[in-house]
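Here is the structure we will look at, set down as C-alpha cells.
The values are calculated or read from the model by the stated rules, or taken from the named source; none is laboratory data. A quick note: this is a predicted structure, and the numbers were derived from the prediction, not measured. Virtual Cβ from ideal backbone geometry, glycine too; neighbours counted across all protein chains shown. What goes into the accessible areas is simple: the full protein's heavy atoms, side chains included, and nothing from ligands, DNA or RNA. Shrake-Rupley method; radii C 1.70, N 1.55, O 1.52, S 1.80 Å.
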Amino acid sequence: MANTDLTGHRVLAITANHGVEQDELLTPVHRLRDLGAEAHVAAVSGDPVRTLVHDRDPGKTVDPDLTLAETDASAYDLLHIPGGTLNADALRLDDTAVGLVRAFLSTGRPVASICHGPWLLVEAAVVEGKTLTSYPSLRTDIRNAGGNWIDQSAVRDNAGGWPLITSRNPGDLDNYVAELTTALAETPARG
C-alpha cells in the first residue's frame with residue numbers, strides 16, 4: 001500500500017454536519033490524499049462539520065468542500081461513508097445522501113462504509129445479497145435488509161457488479177484504508 005500511487009483518483013466522503021466519528025472521517029481522507037488521491041468532504045450544509053470522538057467527546061471541526069446537493073457523483077471514483085451514530089442516523093434520513101449511494105452503485109464504482117455508516121446502505125436498499133460488517137448493533141438491520149453480516153475488521157464484497165467495502169470501528173481503520181486503496185487502484189480514475 002505504501003507504494004500505491006492514487007494520483008488522478010477522486011474520493012467523496014459524505015457526512016452530516018454534526019456527529020461524525022472524527023477518525024472515521026479524517027483518517028481515510030488524509031491517508032488517501034497522502035497517496036495522491038483528491039478527496040473531498042461533502043456535508044449536508046456548508047456549515048462546519050463538528051466531529052465527535054467515541055460518539056460523545058468533541059473532536060475537530062472540519063470545513064466541508066461542498067454540500068451534498070452540490071455534489072456531482074459522476075466526478076468521483078469512490079464513495080466513503082464514515083460512521084458516528086448521530087451522523088449515520090442523519091444521513092439515512094437525507095434523500096440526497098441516499099441518492100448518492102445509488103448513483104455510485106449504478107455505475108459499479110466502489111462504496112465504502114465504516115461503523116454505523118452502513119445504516120445509509122440499508123436505507124438505500126443496497127445490501128441485499130452482500131456480505132458486510134459494521135458496528136455490531138447494526139447486524140440485525142443488515143440481516144433484515146437481506147445482507148450477510150460478519151464480524152471481521154474489513155470486508156470487501158464484489159457481488160452484484162459493484163465493490164462494497166465495510167469495517168467495524170475506528171480500531172479497524174488500517175485494514176479499512178488498505179481495502180479502499182486497493183479498490184481505488186483497481187478502478188479507472190475519473191480525475
Discussion item. For the condition charged (D, E, K, R), buried (at least 16 other Cβ atoms within 10 Å of the Cβ) and closer than 17 Å to Arg10 by Cβ, what is the one hit in Asp77, Asp72?
Written reply: Asp77
Item to complete: Can you give me the number of residues within the range 85-144 that are open to solvent by 10 Å² or more (accessible area, probe 1.4 Å), assigned to a helix (DSSP H, G or I), in contact with a helix residue (DSSP H, G or I) (Cβ under 6 Å, 6 or more places away or on another chain) and farther than 22 Å from Ala42 by Cα?
Response: 1
Worksheet item: Looking at the range 2-21, which of its residues are touching a Gly at 6+ places or on another chain (Cβ under 7 Å), surrounded by fewer than 24 Cβ atoms within 10 Å (Cβ to Cβ) and more than 11 Å from Leu78 (Cβ to Cβ)?
Response: Asp5, Thr7, Gly8, Gly19
Fill in: Top-ranked residue of the range 18-48 - restricted to ones that are in a loop (DSSP other than H, G, I, E, B) and touching a residue at least 60 places away in the same chain (Cβ under 8 Å), ranked as nearest to the chain's Cα centre (by Cα)
Ala37
Practice prompt. May I ask you to list the residues in the range 24-38 that are out of contact with any Asp or Glu (no Cβ under 8 Å at 6 or more places or on another chain) and surrounded by fewer than 23 Cβ atoms within 10 Å (Cβ to Cβ)?
Written response: Leu26, Thr27, Val29, His30, Arg31, Arg33, Asp34, Glu38
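If I filter the range 145-188 down to residues being among the acidic types (Asp, Glu), at pLDDT 95 or above and not in a strand (DSSP E or B), which single residue comes out as least open to solvent (accessible area, probe 1.4 Å)? Let's see the steps before the verdict.
Kept after step one, since they are among the acidic types (Asp, Glu), are these residues of the range 145-188: 151, 157, 172, 174, 179, 186.
Narrowing the set further to residues that are at pLDDT 95 or above leaves 151, 157, 172, 174, 179.
Pick out the ones that are also not in a strand (DSSP E or B) and you get 151, 172, 174, 179.
Values: Asp151: 98, Asp172: 14, Asp174: 98, Glu179: 57 Å².
This residue is Asp172.
Take Arg168 and decide whether it is in contact with a Phe, Trp or Tyr (Cβ under 7 Å, 6 or more places away or on another chain) and either hydroxyl-bearing (Ser, Thr, Tyr) or without any contact (Cβ under 8 Å) to a residue 24 or more places away in the chain (or both).
Working: in contact with a Phe, Trp or Tyr (Cβ under 7 Å, 6 or more places away or on another chain): yes; either hydroxyl-bearing (Ser, Thr, Tyr) or without any contact (Cβ under 8 Å) to a residue 24 or more places away in the chain (or both): no.
For Arg168, the condition - in contact with a Phe, Trp or Tyr (Cβ under 7 Å, 6 or more places away or on another chain) and either hydroxyl-bearing (Ser, Thr, Tyr) or without any contact (Cβ under 8 Å) to a residue 24 or more places away in the chain (or both) - is not met.
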Worksheet entry | Single match in Pro110, Pro118 (criterion: farther than 15 Å from Asn87 by Cβ, touching a strand residue (DSSP E or B) at 6+ places or on another chain (Cβ under 8 Å) and at pLDDT 95 or above) | Pro110
